[in-house]
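The structure under discussion appears below in the form of C-alpha cells.
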Amino acid sequence: MKNKSLQIRLIVMNFLEFAVWGAYLTSMGTYLATHGMASHIGWFYSIQGIVSLFMPALMGIVADRWLPAQKALSLCHALAGIFMCAAGLYAYNTPDVQFATLFSLYTISVAFFMPTIALTNSVAFNALVKAGMDTVKDFPPIRVFGTVGFIATMWCVDLLGFQATPWQFVVSGGLSILLALYSLSLPACEIKKTEGNVDLVEALGLKAFTLFRQKKMALFFIFSMMLGMCLQVTNSYANPFITSFGAIEEFANTFGVQHANILISISQICEALCILAIPFFLKKFGIKNVMLMAMFAWVFRFGFFGAGNPGMPGVILFVLSCIVYGFAFDFFNISGALYVDQETEPSQRSSAQGLFMMMTNGLGATIGTLSAQAIVNRLVYAESVTSQGAMAIWDGWKEAWYIFAGFALFVAIAFWIFFPKTPVNKNLEVKH
C-alpha cells in the first residue's frame, strides 16, 4: 500500500511536469503567427535547445551539492511559472505585443523549466530506490503519465479556444506554480557531500567529447545532430500550418482547422504506444535498422504533411503523419540511447548520454528549428506580404514540407551507407 501511494505521488508529479509543456509547445506557433510574430516562431522554439546546452547541467550541480532535488525542482518551477504567467499577462494586456519583451520573459521561463525534466527523473529514481522498488520495471508506467499530461493540456487549450491566445502561457505558468508547491511534499533527496571545487568540464559532460576520437562514435553523434534537426520542426510549424487552411473556404470549417491541437495529439498518443514495440523491433532487426526506420519515418512525417490537407481524403495523410511520428521520435531516441550505453565504458556512460542529448535536443534541434524558420519565412510568410492569396501560401507550405522530407531522406541514405552495421544479437544487452 505504501508503494502504491508513492507511485501515485510520482504519477501526479510526472503528469503536471509535462502538462506544463503541453499547454503551449504545439500551439504557440499559431499564437505567434496570428499576432505579427510569424517570422520569429523559430526563435521561440530554438531557445529551448540553446538553454538545454547548459541549464540542466548547472541545476544538476546545484541539486547534487547544495539544494535537495525536490527543492531545486520547486524553485525552478516557481520561477518558470512566474515568468510564463508574466509573458501571458503581458501579451494579453498589451495591444501591440513587442517581440523583445515577450521573448525575454519566455526565455527566462524556459531556462528554468528545461532542467525540471531531469530533476523529476532524479526525484522519481531516488524515491523508488529508497522504497526498494525496481526503477527499470516501475518507472516506465509512472513516466507514461507525463505523456498523458501533455496530451491533456493540448486538448484543454484547444477546447477552451486558447490556441491563438496568450492564455496558453497563463495555463502553463499556473500549472508550473502548482507543481512548485506540490514538489515540496515529495520524498526528500540527499545532497552529495563532496570535497573540493566543482569540475565544470566534467559536470557539463564536456569530457565526453573525447568520444569523437572513435570513428563510429563520431559518426553516431554527427548523425544524431543531423536527425535532431528534425525534432522541433513539427512542434514549431504543424499547428500554424494546419490552421492556415482556415483562409481557404473549402477547408475553413473542417475539424483539423478548428481543432489542430487535438489532431496533432495523435502524435503523442502514438509516441506512447510505440515505446511498447521497441523491444521487439530491437531484438528482431538490430539497433542500426531501428534507427534507420526512425529516419525514414521522419521522411514520411514531413511528406504526409506536404501532401495532405484538412479535408477528406487529405486529412488521412495528416493522421498518417501523426502515426509515424511515434516511430520517428521514439525509435531513434531510445535505440540511440541504448547504442551509447553499449558502446561506451562505464566511466563515460553518463556523460556520453548527456552528449547524445546535447547533440540531438541541443545543437541539432536549435540548428534545425532556425533553418526551418528561414525556409518557412521565405516560402510561406513572405507570400502574405505579396498578397498572392491563400493558395500561394498553401503551395509554399507544401514546398517547405517537401524540403524537410528531402533532408530527412538524405540523412537516412547517408546513415545507411556510412554507419557500421550492429550485431542483432547484441541489441538488448545492457552493460553494467
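Would you work out if the chain is rounded, prolate or oblate? Take a ≥ b ≥ c from the square roots of the eigenvalues of the alpha-carbon gyration tensor; rounded if a/c is under 1.5, else prolate when a/b is larger than b/c, oblate otherwise. In terms of gyration-tensor shape, oblate.
Over the chain, DSSP H runs of length four or greater, each weighted -39,500 (n - 2.57), average out per residue to a 222 nm ellipticity of -24000 deg cm²/dmol. Comparing Phe280, Phe251, Gly368 along the charge dipole axis of the chain, the residue lying farthest to the positive side is Phe280, per the Cβ-charge model.
Spacing of the modelled spin labels on Leu159 and Lys283, each 7 Å from Cα toward Cβ, amounts to 3.9 nm. Think of each Lys and Arg Cβ as +1 and each Asp and Glu Cβ as -1; about the Cα centre, that makes the dipole of the chain roughly 1280 debye. Placing pseudo-labels 7 Å out from each Cα toward the beta carbon at Met133 and Thr101 gives an inter-label distance of 4.6 nm.
Quick check: residue separation of Val319 and Ile61 times 0.36 nm, minus the Cα distance between them. What number comes out in nm?
88.7 nm
Taken over segment 243-297, the percentage of Cα pairs per 10 Å bin, counting from 0 up to the bin with the maximum distance, is 21, 31, 21, 19, 8. Set the Cα radius of gyration of segment 23-71 against 2.2 N^0.38 Å, with N its number of residues, and you get 1.62.
The ratio of the alpha-carbon radius of gyration of segment 1-133 to the globular-protein estimate 2.2 N^0.38 Å is 1.20.
For Ile413 and Glu249, what does the FRET efficiency come to when R0 = 35 Å and r is the distance between their Cβ atoms, rounded to the nearest 0.05? Please report the intermediate quantities before stating the final value.
Working: r = 40 Å, r/R0 = 1.15.
After rounding, the FRET efficiency stands at 0.30.
Using only Cα coordinates, the Kirkwood hydrodynamic radius of segment 275-320 works out to 11.9 Å.
So what is the accessible area of the chain per residue, in Å², with the probe set to 1.4 Å? For the chain, the solvent-accessible area averages 43 Å² per residue.
The values are calculated or read from the model by the stated rules, or taken from the named source; none is laboratory data. Predicted model only: the values in this text are computed from it and were never measured. All Cβ positions, glycine included, derive from the backbone under ideal geometry; neighbour counts span all protein chains shown. The accessibility values were calculated without ligands, DNA or RNA, using every heavy atom of the protein model including side chains. Shrake-Rupley method; radii C 1.70, N 1.55, O 1.52, S 1.80 Å.
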